[in-house]
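Working notes, beginning with the structure itself.
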Amino acid sequence: MNEIRNLDLRTRAVERLVRKGYVRTEAVRHALLSVDRSAFTNFAPERAYEDRPLPIGFGQTVSAMHMVAIYLESLELRGGIKLLEIGTGSGYHLAVTASALDFLGAGEIHTIEINEMLYRKSKQLVEGMGFKTRIYFHLGDGFLGVAESAPFDRIYVTASVAEKPAHLYEQLSEEGILLYPRGVQGEPQILVKVRKAKTDYLEEGLMEVSFVQLRRPGERFI
Ligand code: SAH
């Protein structure tokens, strides 16, 4: 019964995102429909499918569903790509991305998290979901990216950064796309989309957003 309620609320939430224009491709629609947001947030479906950020512990939040949709659509996903996610958190955004990539023929995802508890929990949860896309979990500082596995065709950051994340720019492949919220927590932030061209980077500000801040190692979690 709860399963049916869950699926029903999820379907309605996704259809709302389609109507509002946040979901534009079949891959993203399929992915949002296949991932159970309440399993990642420990909230009942009634709360889990409200289109707003939800707490995941340690003062962190999982993005609202429309923000996950905006990220995925802006990343211009296709099969066979190698992607890096900064800030694994609950693993929800990661699972939706993996599901979208599976729909497109699968790919490779690296995700990095600085909080060991969140790293362990999301790794266990997502590894149990059996995606075709290969997923590598890293524990460490996402500001530095994952140099040993670079370059990446897509990189996205799920927390805001005050200054330009130089390592992430460097770890982009040619024609690669990087997406990150630029700004300070509590102040207006801009979602920036960067495309790496042959000799330079093309930057575009997409919209105003509100994210928690990416932390430096040793900085306390609230
Ligand atoms: N994408 C996540 C939510 C991200 S919230 C989800 O779907 O739930 C931001 C996440 O970034 C938090 O989990 C936080 O612990 C992590 N984080 C903060 N600073 C980081 C850093 N320097 N490197 C890697 N992860 C970091």
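The values are calculated or read from the model by the stated rules, or taken from the named source; none is laboratory data. This is a predicted model, so every value here is computed, not measured. Glycine gets a Cβ as well: all are built from the backbone with ideal geometry, and neighbour counts include every protein chain shown. Ligands, DNA and RNA are excluded from the accessible area calculation, which covers all protein heavy atoms including side chains. Shrake-Rupley method; radii C 1.70, N 1.55, O 1.52, S 1.80 Å.
Could I have the simple spin-label model distance between E204 and D51, label points 7 Å from Cα toward Cβ, reported in nm to one decimal?
So the two model labels end up 2.2 nm from each other.
Translational diffusion coefficient, Stokes-Einstein: compute it for the chain using the Kirkwood radius over C-alpha pairs as Rh, at 10 °C and 1.306 mPa s, and state it as an integer in µm² s⁻¹.
Values: Rh = 17.4 Å.
Estimated diffusion coefficient is 91 µm²/s.
In Å², and per residue, what accessible area does region 1-102 have when probed at 1.4 Å with the other protein chains present? Show your work: numbers first, answer last.
Values: 4100 Å² over 102 residues.
Averaged over the residues of region 1-102, the accessible area is 40 Å².
Given springs between every Cα pair under 10 Å in a Gaussian network model of the chain, which of T111, T199, T11 has the largest fluctuation?
Highest fluctuation of the listed residues: T199.
Please find the FRET efficiency linking E127 to R78, where r is the Cβ-Cβ separation and R0 is fixed at 35 Å, and quote it to the nearest 0.05. Each step should come with its number before you reach the end.
Numbers: r = 24 Å, r/R0 = 0.69.
Efficiency computed from Cβ-Cβ geometry: 0.90.
Counting other Cβ atoms within 10 Å, keep those with at most 10, restrict to DSSP loop, and tell me which chymotrypsin sites (Phe, Trp or Tyr not before Pro) in region 1-50 are left. Show your work: numbers first, answer last.
Working: sites: Y22, F40, F43, Y49; in loops: Y22, F43, Y49.
Sites meeting the loop and neighbour criteria: none at all.
At most 12 other Cβ atoms within 10 Å and a DSSP loop assignment: could you name the GluC sites (Glu not before Pro) in region 134-184 that fit? It would help to have the intermediate numbers written out before the result.
Details: sites: E148, E163, E170, E174, E175; in loops: E163.
Of the GluC sites (Glu not before Pro), the ones in loops of region 134-184 whose Cβ has at most 12 other Cβ atoms within 10 Å are E163.
Identify which of Y71, Y201, Y169 has the largest mean-square fluctuation in a Gaussian network model of the chain, with springs joining Cα atoms closer than 10 Å.
Y201
Probe radius 1.4 Å, ligands and nucleic acids ignored: give me the carbon and sulfur share of the accessible area of region 1-152 as a rounded percent.
Details: 3560 of 6720 Å².
Exposed carbon and sulfur together represent 53 percent of the surface.
Suppose all protein chains stay in the model; what accessible area per residue would a 1.4 Å probe give for region 163-222, in Å²? Write out the running numbers ahead of the final one.
Details: 3570 Å² over 60 residues.
Heavy-atom SASA per residue in region 163-222 reads 59 Å².
How far is it, in nm, from the label point at E163 to the one at A106 when both lie 7 Å from their Cα along the line to the Cβ?
4.1
Which of the listed residues, G80, L94, V192, is farthest toward the dipole's positive end in the chain, when Lys, Arg count +1 and Asp, Glu count -1 at the beta-carbon?
Farthest towards the positive end: L94.
Less than 13 Å apart at the alpha-carbon level, and either on another chain or at least 8 residues along: which aspartates and glutamates does that give for K121?
Answer for K121, where 13 Å is the Cα cut-off: E113, listed by chain and number.
Mind checking which of R29, R52, R37 has the largest fluctuation in a GNM of the chain, springs on alpha carbons under 10 Å?
Top of the fluctuation ranking is R52.
Loop only per DSSP, at most 15 neighbouring Cβ atoms within 10 Å: give me the trypsin sites (Lys or Arg not before Pro) in region 117-156, ordered by residue number. Kindly include the intermediate steps, with their values, before the conclusion.
On the way: sites: R120, K121, K123, K132, R134, R154; in loops: K132.
Answer by residue number: K132.
When the accessible area of region 156-200 is computed with all protein chains present and a 1.4 Å probe, what percentage of it is carbon and sulfur?
Working: 1000 of 1990 Å².
With neighbouring chains kept in place, the figure for region 156-200 is 50 percent.
Quick one: if you stick a label point 7 Å off each Cα along the C-beta vector at Q185 and L139, how many nm between them?
Taking the two extended label points, one gets 2.2 nm.
Could you size up the charge dipole of the chain around its Cα centre, putting +1 on the beta carbon of Lys and Arg and -1 on that of Asp and Glu, and report it in debye to the nearest 20? Write out the running numbers ahead of the final one.
On the way: 28 positive and 29 negative charges, 81 e Å.
The calculation lands at about 380 debye.
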